[in-house]
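Presented below is the structure to which this report refers.
Just so it is clear, none of the values below were taken in a lab; they were calculated from the coordinates. Since this is a predicted model, take the numbers as computed values, not measurements. Positions of Cβ are generated from backbone atoms using ideal geometry, with glycine treated the same way; all protein chains shown enter the neighbour counts.
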Amino acid sequence: MAERDVILEVKNLKQYFRMNRHFTVKAVDDISFKVYRGETFGIVGESGSGKSTTGRSVIKLYEPTAGHVIFEGKEITGKIAEETRKMLRTRLQMIFQDPMASLNPRKTVMNIIAQGLDIHKLYKTQEERENRVYEMLETVGLSREHAHRYPHEFSGGQRQRIGIARALIMSPSFVIADEAISALDVSIQAQIVNILKKLQKDRDLTYIFIAHDLSMVRYISDRIAVMHQGKIVEMGSSDAIYKSPVHPYTKALLSAVPHPNPGVERYRKRIYYDPATVNYNEGRYHTIKGDHVVLATDGEYENWMK
Ligand SMILES: Nc1ncnc2c1ncn2[C@@H]1O[C@H](COP(=O)(O)OP(=O)(O)OP(=O)(O)O)[C@@H](O)[C@H]1O
Ligand SMILES: [Mg+2]
């Protein structure tokens with residue numbers, strides 16, 4: 001098999017927030033992963049596990065406490081050349097978790113979506129600018145009439161589409177979708193997923209798809225990292241994570257997903273997870289099979305594999 005093309009590599013990333021002299025939040029605590037070109041990499045975990053912080057660190061909203069981020073072969077941690085910064089601002093886009101908070105309420109949808117084009121002067125005429133916004137609105141299933149309205153006039157699903165349009169108008173190669181569908185009705189979730197999937201095919205996009213549960217992620221991701229307390233506790237193909245989970249936290253997350261078949265759903269048992277029973281700090285990554293890995297001490301690994 002040919003070497004797969006790595007578009008993003010995160011190496012030993014730490015993102016700590018110092019709250020005061022006595023207390024530091026270890027939002028992301030030494031995580032490493034690779035994302036291959038054209039794939040969807042899922043990150044799942046409960047609230048506060050460090051998923052958004054991971055995404056925000058990758059797009060350089062934060063300077064990491066330690067570690068490296070390498071995007072398209074370029075180290076982007078620390079001080080970077082203006083040219084690299086420009087490349088990043090277009091090639092790498094994030095769809096933010098909370099569309100209401102991330103869309104400026106005083107701006108029209110036209111100005112919100114065109115913002116990246118404006119900053120980087122990516123058009124020659126006003127007409128070209130408008131046409132690109134109209135085209136993008138149609139791509140995400142809105143219409144050109146929507147361009148002259150304000151964010152509060154839209155439903156949650158529509159606002160999410162505006163966020164997607166704003167990210168995609170830059171023709172990125174890599175998109176981090178942070179809970180892009182979590183707040184939406186199931187039927188609308190499917191619509192947004194279909195839009196993202198189609199765009200991925202048409203434009204050869206790579207995604208990091210962040211969510212707090214496994215119900216949708218497992219269908220759209222090629223590989224999944226399960227995060228808990230700032231650590232990646234298990235990582236592998238969607239199939240491996242779904243069919244042969246090893247970490248008790250992954251098993252607990254999976255047990256929370258309702259089964260579509262009512263006959264099976266009736267017998268679903270929730271598994272609860274007590275983090276006090278697992279020693280993250282002494283753990284190392286054990287390879288289960290291929291690229292399926294789990295964070296565990298030797299003793300824990302032996303136990304879980306029984
Ligand atoms: N800017 C910040 N300053 C201080 N603490 C922060 C900051 N951003 C995140 N945190 C803390 O870091 C931890 C991880 O937060 P993060 O938002 O990455 O979690 P998440 O997995 O995205 O959760 P959710 O599912 O709720 O979105 C939390 O304890 C959070 O309170
Ligand atoms: Mg988050």
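Could you compute the net charge surrounding MET87? Neighbours are other residues with a C-beta less than 11 Å from the C-beta of MET87; K and R count +1, D and E count -1.
Combined, the nearby Lys, Arg, Asp and Glu give +2.
Run the reach check for LYS26 against lysines, Cα to Cα strictly under 29 Å, same-chain hits fewer than 8 apart removed. What comes back?
LYS11, LYS14, LYS34, LYS51, LYS60, LYS74, LYS79, LYS231, LYS251
If Rh is defined by the Kirkwood formula over all Cα pairs and Rg also comes from Cα, what ratio Rg/Rh do you get for the chain?
0.98
Provide the FRET efficiency to the nearest 0.05 for the ARG203-ASP5 pair, computing r from the beta carbons and using R0 = 22 Å.
0.90
At a temperature of 4 °C and a viscosity of 1.567 mPa s, determine how fast region 1-109 diffuses translationally according to Stokes-Einstein, using the Kirkwood radius over alpha-carbon pairs as Rh; express D in µm²/s, rounded to the nearest whole number.
Estimated diffusion coefficient is 83 µm²/s.
Name the chymotrypsin sites (Phe, Trp or Tyr not before Pro) in region 4-41 that are in a loop by DSSP and that have at most 11 other C-beta atoms within 10 Å, would you?
When the chymotrypsin sites (Phe, Trp or Tyr not before Pro) of region 4-41 are filtered for loop state and at most 11 Cβ neighbours within 10 Å, nothing remains.
What distance in nm separates the simple spin-label points at GLU46 and LYS107, each placed 7 Å from Cα in the Cβ direction?
3.7 nm
Based on DSSP H runs of at least 4 residues, each adding -39500 (n - 2.57), what is the mean residue ellipticity at 222 nm of the chain after dividing by all its residues, to the nearest 500 deg cm²/dmol?
After summing the helix terms and dividing by the residues of the chain, the value is -10000 deg cm²/dmol.
Averaging over every viewing direction, what projected area does the convex hull of the Cα atoms of region 222-306 cover, in nm²?
Mean projected area for region 222-306: 6.0 nm², to one decimal.
Let me have the relative contact order for region 92-171, percent, based on Cα pairs under 8 Å that are six or more residues apart.
The normalised contact order for region 92-171 reaches 47 percent.
Please report the relative contact order for region 6-229, taking Cα pairs under 8 Å with a sequence separation of at least 6, and give it as a percent rounded to a whole number.
30 percent
Give me the one-decimal nm value for the distance between modelled label points at HIS120 and SER155, 7 Å along each residue's Cα-to-Cβ direction.
Computed distance between label sites HIS120 and SER155 equals 3.2 nm.
How do LYS79, LYS107, LYS51, LYS243 line up, fewest other C-beta atoms within 10 Å first?
Ascending number of Cβ neighbours within 10 Å: LYS79, LYS243, LYS107, LYS51.
Using alpha carbons only, what's the Rg to Rh ratio of region 236-279 with Rh from Kirkwood?
A ratio of 1.02.
In 10 Å bins starting at 0, how do the alpha-carbon pair distances of region 87-203 split up by percent?
P(r) over region 87-203, rounded to whole percents: 14, 50, 33, 3, 0.
Taking all pairs of distinct Cα atoms, average 1/r, flip it, and tell me the Kirkwood hydrodynamic radius of region 199-263 in Å to one decimal place.
12.8 Å
Using modelled backbone amide H atoms (1.01 Å from N, in-plane), which distant-in-sequence or interchain residues come within less than 5 Å of THR40's amide H?
HN-HN under 5 Å from THR40: TYR207, ASP222, ARG223.
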